[in-house]
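Written below as structure tokens is the structure these notes are about.
Derivation of every value follows stated rules applied to the coordinates shown; laboratory data play no part. Owing to the predicted nature of the structure, the values given are computational and were not obtained by experimental measurement. As a convention, Cβ positions derive from the backbone with ideal geometry for all residues, glycine included, and neighbour counts pool all protein chains shown.
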Amino acid sequence: MNYQEEFLEYLKKEKRMARNTQEAYHRDAVDFCRFLKERGLEDPAAAGNPDVLSFLTGLRKAGRSAATINRKLASIRAFYTFLMQEGIISSNPAQNVRPPKVERKKLEYLTLDEVDRLLRTPDGSVLGRRDRALMELLYATGIRVNEVIAANVEDVNLRIGFFTCTGETGKARIIPIGRPARAALEEYIYETRGELVKGEDAEKEKALFVNFYGKRLTRQGLWKILGEYGQKAGIEKKMTPHLLRISFAVHMVQNGADLKSLQELLGHEDMTATQVYLSVTKNRIKDVYDKTHPRA
């Protein structure tokens, strides 16, 4: 039986995953079903735990990374969860398979001093005020580059202090914004943005952040803006939207944010993606212990 296309619809309509994730999970399911056929198993519903283990073992022998194997295992689990919901099977052959350990790269993030230097860099010009609001929002919310590019003016509620982010999956999440970001956004929206969006465009353009010509800011434009300010602020790390997102998450965890709340703020589908920030807390605790315990 061919369940792969129905699985893709399940990922789209029920799980509402981001498009890239949908495609990756579907592709992994197709690869696994092809592997089963090569083993003489036409119906994936008849696969067992040994089949899943053999597939993963083959990937490891082929030199695939632990992160790739983990994702493929997650895809296979999701595929069989779908088959269970459809009443086709009664148990998930991938459920008890242990994923390989992934060696995490050391997180690179901005220090609080670097964030302060970055956010103080924009001047009082029209573009400077726009850029301050832009960077304040990125650091205040931890949103992704495509999310800030897609943001509209109506997504900002300055009275209550919230930003509504639709995100990759179509699921809206409401993220608080602090006082500095609210002040910068208020100045930009009510005083500055109108100097960039003029004439007929002022009625048509809904974008929150616009370029010099009053059109929606592009991904490339955002990267260029951050790169230039990173250099001006004397920050040696490569300044990107993702670096600000990581810095937001790290600083939240360091100041006591729980992982579940952080997962919701970041819009992560899986808690695994959020748990990477625990390493920062562990490292910090170790540093504190080494510096303060008399017999460390």
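Hydrodynamic estimate: the Kirkwood radius of region 112-236 over Cα pairs, inserted into Stokes-Einstein at 20 °C and 1.002 mPa s, corresponds to D of 146 µm²/s. The mean sequence separation of alpha-carbon pairs under 8 Å and at least six residues apart, normalised by the residue count of the chain, gives a relative contact order of 16 percent.
Based on DSSP H segments of at least four residues, each scored -39500 (n - 2.57), the chain has a per-residue ellipticity at 222 nm of -16500 deg cm²/dmol. Taking 7 Å steps out from each Cα toward its Cβ at residue 112 and residue 16 produces label points 3.6 nm apart.
Amide H contacts of residue 162 (H built 1.01 Å from N, in plane; Pro and chain starts excluded): 157, 177 sit under 5 Å, all sequence-distant by 5 or more or on other chains. Here percent of Cα pairs over 34 Å apart was computed from the coordinates, and among (i) 17; (ii) 25; (iii) 37 the match is (iii). Against the chain, whose longest principal axis comes from its Cα atoms, helix 126-141 is set at around 40 degrees. Each Lys or Arg adds one and each Asp or Glu subtracts one; over the other residues with Cβ under 14 Å from the Cβ of residue 46, this totals -1.
In this label model, residue 45 and residue 31 are separated by 2.6 nm, measuring between points 7 Å along each Cα→Cβ vector. Label region 1-100 by shape, choosing from rounded, prolate and oblate, from the square roots a ≥ b ≥ c of the eigenvalues of the Cα gyration tensor; if a/c is under 1.5 it is rounded, and otherwise prolate applies when a/b is larger than b/c, oblate when it is not. Oblate, because a/c is 1.5 or more while a/b does not exceed b/c. Kirkwood analysis of region 165-277, using all unique Cα-Cα pairs, places the hydrodynamic radius at 16.5 Å.
In a reduced charge model with +1 at each Lys and Arg Cβ and -1 at each Asp and Glu Cβ, the chain shows a dipole moment near 960 debye about its Cα centre. Applying the Karplus relation 6.51 cos²θ - 1.76 cosθ + 1.60 with θ = phi - 60° to region 259-273 yields 3J(HN,Hα) values of 5, 5, 5, 5, 4, 5, 5, 7, x, 6, 6, 10, 4, 4, 5 Hz, where x marks Gly and Pro. Once the C-beta distance of residue 61 and residue 213 is scaled by a Förster radius of 45 Å, the resulting FRET efficiency is 0.25 to the nearest 0.05.
Straight Cα distances below 26 angstrom link residue 215 to the lysines 171, 198, 204, 206, 224, 232, with same-chain residues fewer than 8 positions distant left out.
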